[in-house]
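The structure under discussion appears below in the form of C-alpha cells.
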Amino acid sequence: MSDASTSVIVTERVTKVYNRGRPDEVRAVDGVSLSVLRGDAVVLQGPSGSGKTSLLSLMACMSRPTSGRVVVDGRDVARVGEEALAEIRRRRFGFMFQQYHLIPELTVLENVLLPLYPVAMGWSEMRRRADAVLTTLDMAGKGRRKVRSLSGGEQQRVAIARALVNDPEVVIADEPTAHLDRALARDLMQVLHELKRQGRTLVIATHDPLVFEHPLVSRRLAVRDGRIEGKERQ
C-alpha cells in the first residue's frame, strides 16, 4: 500500500455489513484495503451487486464501515462525529450520481449553489464560483433558466457544475454514464479527463467499458463479492 502521506483516501481491512445479525444479512464489502493517490483516476469495476457502490460510499464518507478504517487526508473518518463527517464531505468531495438529483423547479444557478449554502461564504463568492464552473462547462448565460427546460446534456452539465462548485479535491462518480446515450457519455468522459488534467482525484464506480477502458483511467480495480480481485494499471 502507498504511503498515506501521498494518498488522499486509504481503506484498511474495511467491511460493510447490512442487516447485521438478521437472516437477510449481506456482507457488501469484505475486508478491502486500498489507497487512492492524489491525482489518481481509479475505477471500481464490477457488475450490479458486486459491492462497488457500497465501497465507493465508504470511501466518500457517505456511510460508515462496520469494521476497519477509512482514512481521508490522514484522518480516520470512522471515528469522527456526524457534523465533522458532513464537513469533510462538503470540503473534500464532489458527487456525481446515476440520477442527476437536480430540483426541476429551481434555476440552473440555484441548483449549482446548493452545496455552498452550509459553508460560511459570502454571496458574491458563491456567485463567482457558480458562474466560473458554468462558464467552464459552456453553460454561461443559462443560470436563470429552470432546470426542467434544459436538454439532457445541459442537465448533465448542471449536475457536474454542482459537483465542482465547492472546488473539491476528489470527484466521486457512481455509474455516471448509466442513463446517457453514447454521445453524452463521451462528452462526460472528456469533462472527467479535463478534471484529471487539472490535478483532481477521481474515483468512479462503473460497469461501462466506455469508462473503464478510457485513457484517463490510471487504475482499474475489479470488485467481486465485496472484494478486490485484482489491480490493473492502464
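Values in this text are rule-based calculations from the coordinates and carry no lab data. From a predicted model like this one, the values you see are computed outputs, not experimental measurements.
Quick check: the angle from helix 82-92's long axis to the longest principal axis of the chain, C-alpha only, nearest 10 degrees? Its long axis makes an angle of about 60 degrees. Relative to the current alpha-carbon distance between residue 179 and residue 67, full extension at 0.36 nm per residue lengthens the span by 37.0 nm. Distance from the Cα centroid of the stretch 1-53 to that of the stretch 174-222 is 19 Å (rounded to whole angstrom).
Rounding to the nearest 10 and keeping the result within 0 to 90°, find how far the Cα-based axis of helix 123-136 lies from the longest principal axis of the chain. Relative to the chain, helix 123-136 is tipped by roughly 80 degrees. Computed over the stretch 38-115, the percent of Cα pairs more than 18 Å apart is 53. The count of lysine pairs in the chain that are at least 8 places apart or cross chains, and whose C-alpha atoms lie under 22 Å apart, stands at 5.
Close amide-amide hydrogen proximity is noted between residue 62 and no other residue 5 or more places distant or on a separate chain, at a cut-off under 5 Å (H modeled in the peptide plane; Pro and chain starts excluded). Counting Cα-Cα pairs of the stretch 1-52 in 5 Å increments starting at 0 gives whole-percent bin shares of 5, 17, 20, 21, 17, 10, 6, 3, 0.
Only helical runs count toward this figure. For the chain, summing -39,500 (n - 2.57) over DSSP H runs of n ≥ 4 and dividing by all residues gives -9000 deg cm²/dmol at 222 nm.
With contacts taken as Cα pairs under 8 Å at a separation of at least 6 residues, the chain carries a relative contact order of 29 percent. Axis of helix 152-164 versus longest Cα principal axis of the chain: the two differ by about 70°, to the nearest ten degrees.
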